[in-house]
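*Asks:* Got a structure for you, written out below as structure tokens; questions coming shortly.
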Amino acid sequence: MAAFTYAPAIVLLPFVSFLVALFFGDRMPKGGALAGISATGLSLLISVWVALDVAGFVGSATGYNEFIYTWVAGVGSVALRFGVLLDPLSALMLLIVTLISFLVHIFSLGYMNDEGETGLPRYYAGLGLFTASMLGFVVANNLLMAFMFFELVGLCSYLLIGFWFREDGPPSAAKKAFLVTRFGDYFFLIGVVGIIATFGTGLFAPIREGGEVVAHGFPGLAEEAIVDGATEHIAMLDTVGMDPQAWFTVLGLLVLGGVIGKSAQFPLHTWLPDAMEGPTPVSALIHAATMVAAGVYLVARMYGFYAISPTALAVIALVGGFTALFAATMAVVKQELKQVLAYSTISQYGYMMLALGSGGYVAAVFHLTTHAVFKALLFLGAGSVIIAMHHNENMWDMGGLKDRMPVTYWTFLSGSLALAGIVPFAGFWSKDEVLYEALIHGLGSKGGLGPAYLIAYTFGLLAVFMTGFYTFRMVYLTFHGQPRTDIARDPVSVGWNVKGPLSVLGVLAATIGFINMAPVAKLTGAHIDFLHKWLLGQEDGGWSAELHTGLHHYEKLLKEVAGVGVGEPLGTIGTLLASAALSLVLAVAGLLLARSLYGGSEPVEHTDKLGGAKTVLMHNYYQDEYQVWLATGLTYPLARAMDKFDQGVVDGVVNGVSSVSLFGGRRIRRIQSGVVSNYATLLTLGLVLLLVAFGVVGGWF
Amino acid sequence: MLVETLLLVTLLGAGIVMLAPDRVAGKLAAGISVIPVALTSYMYYVFLTDYNGVGNALLSPGEVAFGTQIPWLNLGEYTVQYYVGLDGVSMPLLALTTILTTLAIISAWTPIDERQSQFYGLMLLMELSLIGVFTALDFFLWFVFWEGVLIPMYFLIGIWGGPRRKYAAIKLFVYTNVASLVMFAGLFAMVFATDVTTLSLPAMATAFRAATELPVYAGYSLATISFVLMFIGFAVKVPVFPLHTWLPDAHVEAPTPVSVMLAGVLLKMGTYALLRFNFTMLEQTARALAVPLAIVGVVSVIYGAMLALAQRDLKRIVAYSSISSMGYVILGLVAFTPLGMGGATFQMVAHGLISGLMFMTVGVIYNTTHTRMVGDMSGLADRMPWTVGIFVAAAFGYMGLPLMAGFAAEFFIFQGAFNAATLGSSAPVLTSLAMFGIVIVAGYLLWAMQRTLFGGFKLETDYEIGPAAFHDVAPLAVLLLLVIALGVAPDISLDMIQHAVAPLTGGGA
């Protein structure tokens, strides 16, 4: 238990570094960087301790789920609390976030300080708050708290993407990032409110005291309602007039809106490429460990709720598969280093969604982990190149950097091999598992689920080829061949604070896949699928029985409630090998195509051969155009028209009433002529009229 | 005696400040206005420790905090009393009033440069009336204060306002006065139809709620007719679409400190009165009319937000967004749930702080740049970093950033309304529609910030621009801290509010 009681410190330390950097950063060396480095370093250490505790090395292999703060006690209403949920999933995510954030802080020493930048306290304050928000989101034990930190993550992305506010691009990109994700969060918020209204709680997992459940988690309540028909604790069903499963699907899809926004899935992915306006280390943080990862993590966090809804699963898988392919095609034609990486991020998160949707919970978490490492590496490597190139990001101005910056090259290559999915680098193992899960569940699932999975799988498979191609197009253009500009001939050298993080991540990108070599484990029977075991839990006892967040439980739900089955037409080993071989061959084919097109010493642009398709791809399928049109071509003119209506009609009536009274007043004033005989006439007429009136009413006549 | 002290201090203070020379008036007024702040802080503390958990002032008058009840005069067959007291609804609003008054007075030091003693005297006079509105428990007394607020407001806008100040002041005065008349007619129809003998609010509440066999006109019960008349009367003050058009004009013409009071406190008089009269005294009617009323609220939310999107004047943007925020209050009130009604009242406080903060920040920018037009300036972040930092924080507060008061309030309302029995099966739909306001508000505030605060520095007026003075920024910082405090620990206010609305929502104690 010891480590768990210190868990809030993991979140609070970066928050303190935010305050320190914000208020005292200008009086500190390097603008408060040291505060951030030590805070995230300490958080990393505590996270390691927590992970060891969860694993049972220093404790009892239990989970931890406690309330720590009462936000609203509630008089006659539901109590709203903050709490910490620690299980293998959150422990792993804590490690990822703190590690990446720590390395990004160190890297920033080299990246930011070399520019004579004045806003450093603001920068490190932003990094600290960003890390704290994400960590708060990761440990959240209920949906409301998760939503709140999710929003804070959005704020931080706004502040950091718009860091260089004196230029025109970054503020616009920051606005877009917040607005597009806010649109997704709108649905998420409805989902949060709906779930709390329906279940009376937003808890992800039950809270126990002495073995007894004192507070239920909503996935558990939903499961009981569907499996056992126990709907007495479920509200709202009469209000909406749906059966439990349909209503839960609606709620799940609403929450998914936030996921699609933050994890940059189609159609809310448009903010992410623009977000490249932010400093490169921030991009690394956003893409690898914080904001974009938040969406996928949320689905994994409440997987018990999605695993009971086949419709939601199918939607997740299809959105993910489609996004994986869709984004990969756009990455093929980009000319700027960070743009290629941006679209690859969208594509890779598509794979994670595909895995989650198709019942590959471990595969998704695995890919989340490996991607965090290799994408952070690639962004930091790109940052190193950008330093060297005096902030020129166009790959056509580079070339030949291989010999001039060897550390960057070899680490970047390691990350690229991982991204492309070449054995034995990290990405191969995780991407292979994603596709394998999609395939076998596609072949084995009942109803519409199977075909949906197979379609999503096909998308994912095609994207493998694209990934291999665009990754190595990027590598060849940047590092190989002859330098194409003077700057590329004589790049600026980078310091230890850049090379250090790159080396750490470079080694990890090559090796982290070994935590879950599921195919090897299955072939040899050796128990080396560590991540699988980490997330599995026991069937009874331990954290998984306590919290119901273990893979055992999810697999049962997927199989029994959602109808996700397994189909292996070539036998277990045969299907496994065929799937792995297929994705590897495609990845290598992509790599080789890139090599043949761009591997020469004087590469030329081949994208023109795509003809009209290139225009479409360069314009990102006109996704930006229509979304900008929705804002400036539709909503704004509508607002202007409403303003005219308000001024003209609504206020016009008000002014009209006053004009009529003034006009009427002026007219009636004319009676007051000042001539006594007129008054006498009026008086007499009035008296006569009154008498007549009284006479008629009183019945005198 | 505490409420009387408050009233006396502000009354005497107003007199003293009016007679003081101009150059000391601002400091003197600020000093005097600190006394009510200290007193209400003490009362708040006592309330939290001794009175927390007391019921509604109108429904369980025996439990009223800081109550005083003295017979005053007889109007025909009706007894009028000096009757004041507080409950969990009025206590936070009273605290809001005193705090905002002090901060608004400090924020006036820079922009108000003529006839200062009269300006600050009128500000204190307005505070007097506002304190009266939130503490009075007798209708006659309450109505005197209610109308009394308008008089200083009229002069504050009419004398110290912008170019069209006369139009704006008269519009405000006539519009809200006519509305009071409509409200008065509706209320007294009920008074005459029931057997009340004193005009105390609790007595009226008891009589109205117990009234049976009310006359029926044209198929509508008198309760319904009165409800609608009173709703219209109060809705002007809130304001609710389509009775809102006095608001943007008043805000644009009013000097910053007056805008702060107008948006921060005066609008809350409308929602406070709605809660006290319509939703407490005529609860059954309110429940029956919940769906149409919620629609009115939702339309206000979206309509106000869309209009804010169309504006170029920063003050108009905030003014229209107030209409949007007040729409949430209506939605929360009609829900008749602990979180809905509690959240609605919480939103009155939260919006008071946040809109005050927004107006003050815009005011600081205006004092320095002499323009409020988006497009006339850009890149202010470069020259006034702290002001811009607070602007960004305030704007995110307005957008409902978690751990700030606005999010808490809006979330409570959404949660409270989403499955409200009064709204039936339309509850989730109406609530979801209202929630879309959080997207539009982000749109117009982010867009306005992008164009004014960021980018290359540009200013199309002939003024030197530099960091703002300490006494300009300090009130902003205080408000921001309060907004964050209420966002992190909403139970500072929500708990007492929920206790006070519990008899209405049927929730337990």
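The values are calculated or read from the model by the stated rules, or taken from the named source; none is laboratory data. This structure is a prediction, so every number in the text was calculated from the model and none was measured. Ideal geometry is used to build each Cβ from the backbone, glycine not excepted, and the neighbour counts take in all protein chains shown.
*Asks:* Whether any residue in the range A:609-631 is in contact with a Ser or Thr (Cβ under 7 Å, 6 or more places away or on another chain), farther than 23 Å from B:Val174 by Cβ and within 14 Å of chain B (Cβ to nearest Cβ) is what I want to check.
*Replies:* Residues of the range A:609-631 that are in contact with a Ser or Thr (Cβ under 7 Å, 6 or more places away or on another chain), as a first pass: A:614, A:617, A:623-624, A:627.
Applying the additional criterion that residues be farther than 23 Å from B:Val174 by Cβ yields A:614, A:617, A:623-624, A:627.
Right, trim to within 14 Å of chain B (Cβ to nearest Cβ) and you get A:627.
Yes: the range A:609-631 contains one or more residues that are in contact with a Ser or Thr (Cβ under 7 Å, 6 or more places away or on another chain), farther than 23 Å from B:Val174 by Cβ and within 14 Å of chain B (Cβ to nearest Cβ).
*Asks:* For the range B:458-474, give me each residue that is surrounded by 14 or more Cβ atoms within 10 Å (Cβ to Cβ) and closer than 12 Å to B:Thr369 by Cα.
*Replies:* Across the range B:458-474, the qualifying residues are B:Leu459, B:Ile465, B:Ala468.
*Asks:* Let me ask something else. From the list A:Phe137, A:Phe178, pick out the single residue that is within 9 Å of another protein chain (Cβ to nearest Cβ), assigned to a helix (DSSP H, G or I) and within 26 Å of A:Leu80 (Cβ to Cβ). Can you show your working first?
*Replies:* Numbers: A:Phe137 fails: within 9 Å of another protein chain (Cβ to nearest Cβ).
Exactly one residue qualifies, and that residue is A:Phe178.
*Asks:* Continuing with this model, one more query. Which members of the range B:306-351 meet the condition of being in contact with a Pro (Cβ under 6 Å, 6 or more places away or on another chain) and away from chain A (no Cβ under 11 Å)?
*Replies:* B:Ala319, B:Val349
*Asks:* OK, next. Which condition does A:Tyr436 not pass, out of (1) farther than 30 Å from A:Ala33 by Cβ; (2) of a type in the set (Ser, Thr, Tyr); (3) out of contact with any Leu (no Cβ under 9 Å at 6 or more places or on another chain), if it passes all the others?
*Replies:* (3)
*Asks:* Within the range A:186-201, which residues are over 11 Å from A:Leu144 (Cα atoms) and more than 7 Å from chain B (Cβ to nearest Cβ)?
*Replies:* Selection gives A:Phe187, A:Thr198, A:Phe199, A:Gly200.
*Asks:* Only one of these conditions is not met by B:Leu12: (1) surrounded by fewer than 16 Cβ atoms within 10 Å (Cβ to Cβ); (2) modelled with pLDDT of 90 or more; (3) assigned to a strand (DSSP E or B). Which number is it?
*Replies:* The failed condition is (3).
*Asks:* What's the total number of residues in the range B:160-172 that are surrounded by fewer than 19 Cβ atoms within 10 Å (Cβ to Cβ) and assigned to a helix (DSSP H, G or I)?
*Replies:* So in the range B:160-172, the residues surrounded by fewer than 19 Cβ atoms within 10 Å (Cβ to Cβ) come out as B:162-164, B:166-167, B:170.
Narrowing further to those that are assigned to a helix (DSSP H, G or I): B:166-167, B:170.
Residues meeting the conditions: 3.
*Asks:* Now for a different question. I'd like to verify a number: residues in the range B:78-105 that are among the hydrophobic types (A, V, I, L, M, F, W, C) and surrounded by fewer than 21 Cβ atoms within 10 Å (Cβ to Cβ), how many? Quick ask: steps written out before the conclusion?
*Replies:* Of all residues in the range B:78-105, those among the hydrophobic types (A, V, I, L, M, F, W, C) come to B:80, B:84, B:86, B:89, B:91, B:93-96, B:99-100, B:103-105.
Among the residues that remain, those that are also surrounded by fewer than 21 Cβ atoms within 10 Å (Cβ to Cβ) are: B:80.
Matching residues across the range B:78-105 total 1.
*Asks:* In the range B:166-199, how many residues are small (Gly, Ala, Ser), within 23 Å of the chain's Cα centre (by Cα) and away from chain A (no Cβ under 14 Å)? Walk me through it before giving the result.
*Replies:* Restricting attention to the range B:166-199, the residues satisfying the condition of being small (Gly, Ala, Ser) are B:168-169, B:179-180, B:185-186, B:189, B:193.
Next, only the ones that are within 23 Å of the chain's Cα centre (by Cα) stay: B:168-169, B:179-180, B:186.
Of the ones still in play, those that are also away from chain A (no Cβ under 14 Å) are B:180, B:186.
Total satisfying the criteria: 2.
*Asks:* Of all the residues that make up the range A:331-355, how many are small (Gly, Ala, Ser) and in contact with a Gly (Cβ under 9 Å, 6 or more places away or on another chain)?
*Replies:* Taking the range A:331-355 first, the residues small (Gly, Ala, Ser) are A:331, A:342, A:344, A:347, A:350, A:355.
Now narrow it down to the ones that are in contact with a Gly (Cβ under 9 Å, 6 or more places away or on another chain): A:350, A:355.
Here the count works out to 2.
*Asks:* Do you know which residues across the range B:475-501 are outside any helix (DSSP H, G or I) and surrounded by 24 or more Cβ atoms within 10 Å (Cβ to Cβ)? Spell out the reasoning first.
*Replies:* First pass over the range B:475-501, keeping only residues outside any helix (DSSP H, G or I): B:489-490.
B:Pro490 - this is the single residue of the range B:475-501 that is outside any helix (DSSP H, G or I) and surrounded by 24 or more Cβ atoms within 10 Å (Cβ to Cβ).
*Asks:* Any residue at all in the range A:74-93 that is at pLDDT below 90, buried (at least 23 other Cβ atoms within 10 Å of the Cβ), within 14 Å of chain B (Cβ to nearest Cβ) and assigned to a loop (DSSP other than H, G, I, E, B)?
*Replies:* Yes - at least one qualifying residue is present in the range A:74-93.
*Asks:* Run down A:Gly136, A:Gly154, A:Gly194, A:Gly169 and say which single residue is among the small types (Gly, Ala, Ser) and surrounded by fewer than 24 Cβ atoms within 10 Å (Cβ to Cβ).
*Replies:* Details: A:Gly136 fails: surrounded by fewer than 24 Cβ atoms within 10 Å (Cβ to Cβ); A:Gly154 fails: surrounded by fewer than 24 Cβ atoms within 10 Å (Cβ to Cβ); A:Gly194 fails: surrounded by fewer than 24 Cβ atoms within 10 Å (Cβ to Cβ).
So the residue among A:Gly136, A:Gly154, A:Gly194, A:Gly169 that is among the small types (Gly, Ala, Ser) and surrounded by fewer than 24 Cβ atoms within 10 Å (Cβ to Cβ) is A:Gly169.
*Asks:* Cβ contacts < 9 Å: first residue more than 7 Å from chain A (Cβ to nearest Cβ), restricted to the range B:417-446; second residue of a type in the set (Lys, Arg) and surrounded by fewer than 24 Cβ atoms within 10 Å (Cβ to Cβ), any location; separation 6+ or different chain. Result?
*Replies:* Filtered contacts from the range B:417-446: B:Ala421/B:Arg287; B:Thr422/B:Arg287.
*Asks:* Conditions: (1) more than 29 Å from A:Arg166 (Cα to Cα); (2) within 12 Å of chain A (Cβ to nearest Cβ); (3) not aromatic (Phe, Trp, Tyr). B:Leu401 meets all but one. Number of the miss?
*Replies:* Unmet condition: (1).
*Asks:* Select the helices (runs of 4 or more DSSP H) contained entirely in the range A:224-329, then report the ones holding at least 1 residues which are aliphatic (A, V, I, L, M). Full working, then the answer.
*Replies:* Working: elements: A:237-240, A:244-262, A:271-274, A:280-288, A:291-301, A:303-306.
Qualifying helices (runs of 4 or more DSSP H): A:237-240, A:244-262, A:271-274, A:280-288, A:291-301.
*Asks:* Filter the range A:560-585 down to residues that are within 27 Å of A:Leu419 (Cα to Cα) and β-branched (Val, Ile, Thr), then give me how many there are.
*Replies:* Total meeting the criteria: 4.
*Asks:* Looking at the range A:299-311, is at least one residue among the polar types (S, T, N, Q), modelled with pLDDT of 90 or more, buried (at least 24 other Cβ atoms within 10 Å of the Cβ) and over 14 Å from the mean Cα position of the chain (by Cα)?
*Replies:* Of all residues in the range A:299-311, those among the polar types (S, T, N, Q) come to A:309, A:311.
Next, only the ones that are modelled with pLDDT of 90 or more stay: A:309, A:311.
Those still in the list that are buried (at least 24 other Cβ atoms within 10 Å of the Cβ) too: A:309.
From what is left, the residues that are over 14 Å from the mean Cα position of the chain (by Cα) are A:309.
Within the range A:299-311 (the criterion being among the polar types (S, T, N, Q), modelled with pLDDT of 90 or more, buried (at least 24 other Cβ atoms within 10 Å of the Cβ) and over 14 Å from the mean Cα position of the chain (by Cα)), the answer is yes, since at least one residue qualifies.
*Asks:* For the range A:645-666, state whether one or more residues are within 9 Å of chain B (Cβ to nearest Cβ), among the acidic types (Asp, Glu) and in a helix (DSSP H, G or I).
*Replies:* Checking the range A:645-666: at least one residue is within 9 Å of chain B (Cβ to nearest Cβ), among the acidic types (Asp, Glu) and in a helix (DSSP H, G or I).
Let's see how each residue does on (1) among the polar types (S, T, N, Q); (2) under 30 Å from A:Val75 (Cα atoms):
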| residue | (1), (2) |
| --- | --- |
| B:Gln415 | yes, yes |
| B:Ser425 | yes, yes |
| B:Ala434 | no, yes |
| B:Gly455 | no, no |
| B:Lys458 | no, no |
| B:Val473 | no, no |
| B:Gly487 | no, yes |
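*Asks:* Next up: Go through the range A:223-249 and report how many residues are within 25 Å of the chain's Cα centre (by Cα) and not hydroxyl-bearing (Ser, Thr, Tyr).
*Replies:* From the range A:223-249, those within 25 Å of the chain's Cα centre (by Cα) are A:247-249; that's our starting set.
Then keep just the ones that are not hydroxyl-bearing (Ser, Thr, Tyr); that gives A:247-248.
Selection size over the range A:223-249: 2.
*Asks:* Would you check which residues across the range A:146-167 are within 30 Å of A:Asp87 (Cβ to Cβ) and more than 9 Å from every other protein chain (Cβ to nearest Cβ) and list them?
*Replies:* Passing the criteria: A:Ala146, A:Val153, A:Cys156, A:Ser157, A:Leu160.
*Asks:* Would you kindly identify the helices (runs of 4 or more DSSP H) lying entirely within the range B:216-285 that contain at least 2 residues that are within 17 Å of the chain's Cα centre (by Cα) and either away from every other protein chain (no Cβ under 14 Å) or of a type in the set (D, E, K, R) (or both)? Before you say what the answer is, go through the steps one by one.
*Replies:* Working: elements: B:222-237, B:246-253, B:256-261, B:267-273.
Of the helices (runs of 4 or more DSSP H) lying wholly inside the range B:216-285, those with at least 2 residues that are within 17 Å of the chain's Cα centre (by Cα) and either away from every other protein chain (no Cβ under 14 Å) or of a type in the set (D, E, K, R) (or both) span B:222-237, B:256-261, B:267-273.
*Asks:* Considering the range A:510-528 alone, what residues qualify as being buried (at least 21 other Cβ atoms within 10 Å of the Cβ) and under 29 Å from A:Ile308 (Cβ atoms)?
*Replies:* Passing the criteria: A:Asn516, A:Ala518.
*Asks:* So which residues in the range B:454-505 are more than 19 Å from the chain's Cα centre (by Cα), at the interface with chain A (Cβ under 9 Å from one of its Cβ atoms), farther than 22 Å from B:Met404 by Cα and of a type in the set (A, V, I, L, M), if there are any at all?
*Replies:* Residue satisfying the conditions is B:Ala502 alone.
*Asks:* For the structure I just gave you, tell me whether B:Gln450 is polar (S, T, N, Q) and within 26 Å of A:Arg166 (Cα to Cα). Steps first, please.
*Replies:* Values: polar (S, T, N, Q): yes; within 26 Å of A:Arg166 (Cα to Cα): yes.
Yes; evaluated as a whole, the condition is true for this residue.
*Asks:* If you don't mind, there's one more thing I want to ask. Taking A:Phe479, is it surrounded by 24 or more Cβ atoms within 10 Å (Cβ to Cβ) and either more than 24 Å from A:Leu586 (Cα to Cα) or modelled with pLDDT under 90 (or both)?
*Replies:* On the way: surrounded by 24 or more Cβ atoms within 10 Å (Cβ to Cβ): yes; either more than 24 Å from A:Leu586 (Cα to Cα) or modelled with pLDDT under 90 (or both): yes.
Judged against the criteria, A:Phe479 is a match.
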